[in-house]
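Heads up: the structure comes next, in structure tokens.
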Amino acid sequence: MFDYLFRQLVDPAFLFFLLFIALLIISWRGSLRARRRFITIFILLVLLFSNNWIAALVTKPLESYGLKNSVLADASTRTTIKCNEYAGVIALGGVIGSADFQREKGIALLSGAERVLEPVVLSKLCPKFKLIYSSFGPKQGGAIGESELAKRIWLSLGVKSDSIIIENTSNNTYENAIQTKKLLGNEGNWLLVTSAVHMRRANESFSRAGLKVTPVPVDYIWSKTPPPWSFSFSLALDSWRAISHEYIGYLYYKVRGWI
């Protein structure tokens, strides 16, 4: 619950809403000159945070982490993977809509669906791989947990049942690492699949937990840096939402000693 509330409080959209209300109140009570000044400030902030070029530049340090720390971060190199060097793939959840799951409507994949699909691609290259999906179980809302839904998707895509392990007791990245460690012990080296922007915190959390992992980042927000004159509030907001969560989350994990 705390993690959910914290995410809402630091969400850029929520902070912009608070800023707008604050400026509205100040403008209403202030002089005409003060109103103009605060409105100008608000417009400039909207333009600043709507600029795709700036959003991409701020996101780049996080998304480039995997490329700097793993030979398999580059998708074009994965076809040459040495299967005997790894026991399998660990995929982190948060990309399947389980809270409102309805059997007749099927399983809904959210943004970041590559977290579910990339392990299947890797298992086709290395048929002996074990696939682990780490996320929450049914207690976190919905009739069924995300990990179980991921297992259903993997089975439908041809992954053998005895190759799948689900971890369905964790609510955040720290718990993903701890609970997965309990399942796997000291068994081999693993490929870690998660969103590129999330990889640094995930990789360091799993390493701190005692698991040997190699980053396989997916779900890049930016395929290339847009030009400086590119503006889109909704697109840039996705970046600001992701990076604010990661930078604040990384600092929090540092303070807690989780990484």
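Considering only residues in the range 93-116 that are touching a strand residue (DSSP E or B) at 6+ places or on another chain (Cβ under 7 Å), assigned to a loop (DSSP other than H, G, I, E, B) and surrounded by 17 or more Cβ atoms within 10 Å (Cβ to Cβ), the one that is modelled with the highest pLDDT turns out to be GLY93. The residue that is nearest to the chain's Cα centre (by Cα), among those in the range 152-181 that are of a type in the set (D, E, K, R) and more than 17 Å from ALA202 (Cβ to Cβ), is ARG152.
Scan the range 142-160 and give yes if some residue there is farther than 23 Å from GLU63 by Cβ, touching a residue at least 40 places away in the same chain (Cβ under 8 Å), charged (D, E, K, R) and in contact with a strand residue (DSSP E or B) (Cβ under 6 Å, 6 or more places away or on another chain), otherwise no. Scanning the range 142-160, I find at least one residue that is farther than 23 Å from GLU63 by Cβ, touching a residue at least 40 places away in the same chain (Cβ under 8 Å), charged (D, E, K, R) and in contact with a strand residue (DSSP E or B) (Cβ under 6 Å, 6 or more places away or on another chain), so the answer is yes.
Report yes if SER223 is without any contact (Cβ under 8 Å) to a residue 24 or more places away in the chain and not in a helix (DSSP H, G or I), otherwise no. It is true that SER223 is without any contact (Cβ under 8 Å) to a residue 24 or more places away in the chain and not in a helix (DSSP H, G or I). Scanning the range 147-162 for residues that are in a helix (DSSP H, G or I), closer than 17 Å to PRO127 by Cα and of a type in the set (Gly, Ala, Ser) gives SER156, SER161. Would you be able to tell me the number of residues in the range 219-259 that are within 16 Å of the chain's Cα centre (by Cα), at negative phi and of a type in the set (D, E, K, R)? Matching residues across the range 219-259 total 3. Within the range 208-259, the only residue that satisfies the criterion of being closer than 30 Å to ILE132 by Cβ, at pLDDT below 85 and either among the basic types (Lys, Arg) or touching a strand residue (DSSP E or B) at 6+ places or on another chain (Cβ under 6 Å) (or both) is ARG241. Tell me yes or no: at least one residue of the range 222-231 is open to solvent by 10 Å² or more (accessible area, probe 1.4 Å) and closer than 20 Å to GLY94 by Cα. Yes: the range 222-231 contains one or more residues that are open to solvent by 10 Å² or more (accessible area, probe 1.4 Å) and closer than 20 Å to GLY94 by Cα. For the range 153-179, taking the residues that are more than 19 Å from PHE136 (Cα to Cα) and hydroxyl-bearing (Ser, Thr, Tyr), the one that is most open to solvent (accessible area, probe 1.4 Å) is identified as SER156.
The values are calculated or read from the model by the stated rules, or taken from the named source; none is laboratory data. All figures in this text were calculated on a predicted structure; none of them were measured in a lab. Positions of Cβ are generated from backbone atoms using ideal geometry, with glycine treated the same way; all protein chains shown enter the neighbour counts. What goes into the accessible areas is simple: the full protein's heavy atoms, side chains included, and nothing from ligands, DNA or RNA. Shrake-Rupley method; radii C 1.70, N 1.55, O 1.52, S 1.80 Å.
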